[in-house]
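Trainee: Have a look at the structure that comes next, please.
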Amino acid sequence: MSELLALGASHKTADLAVRERLALLDGQVEPFLHELMALDGVTEAVAVSTCNRTELYIVGEAPEQAERVLRARADVELYSSRNCDAARHLYRVVSGLDSMVVGEAEIQGQVKRAYERALAARTTGPLTNQLFRAALATGKRVRTETAISEGHASVASVAVDAARALIGELASRHVVIVGAGETSEQVARAFHAHGVSTMFVANRHRDRAIALAQRFGGASGSFDQLPDELEHADVVVSSTASPHAIIGPEELEAVRGGKPLLIIDLAVPRDIDPACAGVEGVTLMDMDALQRAVRGHLSVRRAEAVRAEAIVEEEIQTFAGWLGRLEVMPTLAALRMRGDDVVSELLAANAGRWESLSERDAARVEALARSVVKRLLHEPTERVKALDGDHRHARLQLLRELFGLEEDVTSEAGEAAEVRRLAG
């Protein structure tokens, strides 16, 4: 029978160099999902890839085959969990409980976009649709009912706090922001809140750079202007979706002349060549360095995290009930079909022995026989529905073996999935 499998690596289990190799950039996601769907035993797939994690949520009879596809990008030990444990992991991710900055809100939008990409690629199905909709609803509930996101904690705000800790007041500093996406916007907002008024935004698409710079009183330009800006910058924060480094040590050595410069690289894969750390006067922080700085961040509210965990567990019970019904229904449908088949076979075998039986009485005999089977199966059906998660799978397997239902369950799986898709 189909199972849900979550597997991946995150900032908690893999360093930045590994996360870079696992990262799925825009344009890589859909081909990767189709590669997963081509595997035998995989029927649904969603990929979540952010600067701090790459995770797959796979459904099928052999979902673990997806592990070798992910390992092909980076030979690393992957964490994995199944069924309700996999759902619990996603619920915690969406709620910000598994984030580098606990409570950060950006992850909810990132997971939503990952799910929408899988929908567009047509790689979701009944189970992943239910899973991601429920997880996103749980994340919204956590942020509504707790103060875990109070203060709008984010990687961007932590990066700006780290800059202030390293170089002091920021208002008089010249800041260069490379990239104009969501993270860059948060960085610009955080610097603006600290009084920074000399800000330059560089981006491949000039219109996006202009819009972001105007919002926070800065200037904008193309990447061609970046060397001139690097010469005068005090702080550089980079967050693009480039597949390769866009600033190297040669560029910095040519324009800096040993002057102090703080560079914060929020991109995965990295925008800044790690060799830049060896340039005189340059201090380089990447996501791994930022993770070390964030461990003592004040945005982590233990009491709110405890309340959030309680909400996750409450919502998981609802999902567990739905998942249990998903597992139980094909077996119960096959059991009822087996009972109907037995009645039909007996009626057919004895049809020639009832020469004097009227058509009306024959209908009564058939109704009585089917009623006996229905009543006989009622009690085991109700008991199977009431099984908890710890015993359900083993008991269902025993039931299928006792009644020889394996073929029936397999043949009914497609029909049952169609019914669940309409209901989901």
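The values are calculated or read from the model by the stated rules, or taken from the named source; none is laboratory data. Fair warning: this is a prediction, and the values are worked out from it, not measured in the lab. Methodologically, a virtual Cβ is constructed for each residue, glycine included, from the backbone with ideal geometry; neighbour enumeration extends over all protein chains shown.
Trainee: Among (1) closer than 27 Å to residue 96 by Cβ; (2) assigned to a loop (DSSP other than H, G, I, E, B), where does residue 259 come up short?
Mentor: The number of the failed condition is (1).
Trainee: Given the residues 184, 238, which is the only one that is modelled with pLDDT of 95 or more, under 24 Å from residue 17 (Cα atoms) and under 29 Å from the mean Cα position of the chain (by Cα)? Give the derivation first.
Mentor: Numbers: 184 fails: modelled with pLDDT of 95 or more.
Testing whether each residue is modelled with pLDDT of 95 or more, under 24 Å from residue 17 (Cα atoms) and under 29 Å from the mean Cα position of the chain (by Cα) leaves just 238.
Trainee: Please indicate, with yes or no, whether at least one residue in the stretch 241-248 is surrounded by fewer than 17 Cβ atoms within 10 Å (Cβ to Cβ), of a type in the set (A, V, I, L, M) and assigned to a helix (DSSP H, G or I).
Mentor: No, because not a single residue in the stretch 241-248 is surrounded by fewer than 17 Cβ atoms within 10 Å (Cβ to Cβ), of a type in the set (A, V, I, L, M) and assigned to a helix (DSSP H, G or I).
Trainee: While we're here: Return the only residue of 303, 254, 289, 275 being assigned to a helix (DSSP H, G or I), small (Gly, Ala, Ser) and closer than 30 Å to residue 144 by Cα.
Mentor: Working: 254 fails: closer than 30 Å to residue 144 by Cα; 289 fails: closer than 30 Å to residue 144 by Cα; 275 fails: closer than 30 Å to residue 144 by Cα.
The unique qualifying residue is 303.
Trainee: Could I ask something else about it? Please tell me if residue 284 is modelled with pLDDT of 95 or more and more than 24 Å from the chain's Cα centre (by Cα). Steps first, answer last, please.
Mentor: Numbers: modelled with pLDDT of 95 or more: yes; more than 24 Å from the chain's Cα centre (by Cα): yes.
So residue 284 passes the test.
Trainee: Would you mind stating whether residue 184 is free of Cβ contacts under 8 Å to residues at least 60 places away in the same chain, closer than 17 Å to residue 156 by Cβ and out of contact with any helix residue (DSSP H, G or I) (no Cβ under 6 Å at 6 or more places or on another chain)?
Mentor: Numbers: free of Cβ contacts under 8 Å to residues at least 60 places away in the same chain: yes; closer than 17 Å to residue 156 by Cβ: yes; out of contact with any helix residue (DSSP H, G or I) (no Cβ under 6 Å at 6 or more places or on another chain): yes.
It is true that residue 184 is free of Cβ contacts under 8 Å to residues at least 60 places away in the same chain, closer than 17 Å to residue 156 by Cβ and out of contact with any helix residue (DSSP H, G or I) (no Cβ under 6 Å at 6 or more places or on another chain).
Trainee: Kindly indicate whether residue 45 is at pLDDT 95 or above and either within 16 Å of residue 123 (Cβ to Cβ) or not small (Gly, Ala, Ser) (or both). Quick ask: steps written out before the conclusion?
Mentor: Working: at pLDDT 95 or above: yes; either within 16 Å of residue 123 (Cβ to Cβ) or not small (Gly, Ala, Ser) (or both): yes.
Yes.
Trainee: Return yes or no: is residue 230 at pLDDT 90 or above and in a helix (DSSP H, G or I)?
Mentor: Working: at pLDDT 90 or above: yes; in a helix (DSSP H, G or I): yes.
Yes: the conditions hold for residue 230.
Trainee: Something else about it: Does residue 25 meet the test of being surrounded by 17 or more Cβ atoms within 10 Å (Cβ to Cβ) and in the same structural domain as residue 111 (by TED's automatic domain parsing)? First the steps, then the outcome.
Mentor: Working: surrounded by 17 or more Cβ atoms within 10 Å (Cβ to Cβ): no; in the same structural domain as residue 111 (by TED's automatic domain parsing): yes.
Spelling it out, it is not the case that residue 25 is surrounded by 17 or more Cβ atoms within 10 Å (Cβ to Cβ) and in the same structural domain as residue 111 (by TED's automatic domain parsing).
So that you can scan it fast, the table gives a plain yes or no per residue for (1) assigned by TED's automatic domain parsing to the domain that holds residue 194; (2) β-branched (Val, Ile, Thr); (3) buried (at least 22 other Cβ atoms within 10 Å of the Cβ); (4) over 25 Å from residue 14 (Cβ atoms):
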position: 103; (1), (2), (3), (4): no, no, yes, no
position: 112; (1), (2), (3), (4): no, no, no, no
position: 138; (1), (2), (3), (4): no, yes, yes, yes
position: 142; (1), (2), (3), (4): no, yes, yes, yes
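Trainee: Go through the stretch 54-88 and count every residue that is more than 21 Å from residue 325 (Cα to Cα) and either surrounded by fewer than 24 Cβ atoms within 10 Å (Cβ to Cβ) or of a type in the set (Ser, Thr, Tyr) (or both).
Mentor: Keep residues of the stretch 54-88 that are more than 21 Å from residue 325 (Cα to Cα), which gives 54-56, 64-80.
Adding the requirement that they be either surrounded by fewer than 24 Cβ atoms within 10 Å (Cβ to Cβ) or of a type in the set (Ser, Thr, Tyr) (or both) leaves 54, 64-65, 67-80.
Total satisfying the criteria: 17.
Trainee: Still on this model: Go through (1) over 30 Å from residue 395 (Cα atoms); (2) modelled with pLDDT of 85 or more; (3) out of contact with any Asp or Glu (no Cβ under 6 Å at 6 or more places or on another chain) one by one and return the number of the condition residue 297 breaks.
Mentor: So the condition that residue 297 fails would be (2).
Trainee: Something else now. Please determine, by comparing only the residues of the stretch 114-168 that are outside any helix (DSSP H, G or I) and of a type outside the set (Gly, Ala, Ser), which one is nearest to residue 239 (Cα to Cα).
Mentor: Within the stretch 114-168, the first condition is being outside any helix (DSSP H, G or I), and the residues that meet it are 122-125, 146-154, 168.
Next, from what is left, pick out any that are of a type outside the set (Gly, Ala, Ser): 122-124, 146, 148, 150, 152.
Details: 122: 29, 123: 29, 124: 29, 146: 30, 148: 25, 150: 24, 152: 19 Å.
Filtering first and then ranking leaves 152.
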